[in-house]
Amino acid sequence: MEKLNVAFHVAVLTVPDFVQVDDFPAWLRHEASAIQDLSRDNSLTIVRLFLASRIKLAIPRKKLDALLQGVTDNFPAIFRMEMVVIEEALDCDEIEMIESEAEEELAEILEMASRVQQLKEAKSRLH
């Protein structure tokens, strides 16, 4: 099996306090568009959206799910959206720490997947 030529990245989004519930869909599309514009060929981004509880509580679940699905459908560089509900906006240091931890998790997952692939290939050569 061929090795995929794809680079994964993690982007952390936190909704600023000035974004109101009615503005959230446009804000999210704008941020997704920026991620799409910055992505390189053969790269996919996992977005961790830290959503203020005030917004989560104001938007019906189905509408929020459709909005998040729409991001992955309309922006091909965005592989997946993950949502974490928070009470207060994150500061820059918190965002940097979350991004760093997420990149480390991603590297571990990719390394594990590579080892599993190598084991499968070695096993198939024995048969």
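The values are calculated or read from the model by the stated rules, or taken from the named source; none is laboratory data. Just so we're clear, the structure is a prediction, and the values are computed from it rather than from any experiment. As a convention, Cβ positions derive from the backbone with ideal geometry for all residues, glycine included, and neighbour counts pool all protein chains shown. Just so you know, the surface numbers come from the protein's heavy atoms only, side chains and all, with ligands and any DNA or RNA stripped out. Shrake-Rupley method; radii C 1.70, N 1.55, O 1.52, S 1.80 Å.
Please report the carbon-and-sulfur percent of the accessible area for the chain; probe 1.4 Å, protein heavy atoms only, DNA, RNA and ligands left out.
54
Quote the FRET efficiency, to the nearest 0.05, computed for ALA58 versus VAL116 with a Förster distance R0 of 41 Å and r equal to the Cβ-Cβ distance.
0.45
Between ALA66 and GLU82, how many nm apart are label points set 7 Å from Cα along the C-beta direction?
Here the answer is 2.7 nm between the modelled labels.
Report the extension gain between ASP37 and GLU99 in nm, rounded to one decimal, defined as 0.36 nm multiplied by the number of residues separating them, less their alpha carbon distance.
Stretched out fully, the ASP37 to GLU99 stretch lengthens by 20.4 nm.
By its C-alpha gyration tensor, with a ≥ b ≥ c as the square roots of the eigenvalues, how is the chain shaped: rounded for a/c under 1.5, else prolate for a/b larger than b/c, else oblate?
The shape class here is prolate.
What helices does the chain have that are whole DSSP H segments, at least 18 Å long along their own axis by Cα, and with mean Kyte-Doolittle hydropathy of -0.5 or more?
24-38
Using just the helices of the chain, give the 222 nm mean residue ellipticity in deg cm²/dmol: DSSP H runs with n ≥ 4 each add -39,500 (n - 2.57), and the total is spread over all residues, rounded to 500.
For the chain, the value works out to -18500 deg cm²/dmol.
How much length is gained on full extension from ARG29 to LYS123, taking 0.36 nm per residue of separation minus their Cα-Cα distance?
29.3 nm
Provide the per residue accessible area, probe 1.4 Å, for the chain, rounded to a whole number of square angstrom.
Normalised by residue count, the accessible surface of the chain is 71 Å².
For SER53, what accessible area in Å² do you get when you roll a 1.4 Å probe over the heavy atoms of the protein chains, rounding to the nearest 10?
20
Please express the shape of region 59-127 as an equivalent ellipsoid: the semi-axes are the square roots of 5 times the eigenvalues of the C-alpha gyration tensor, given largest first in whole angstrom.
34, 20, 10
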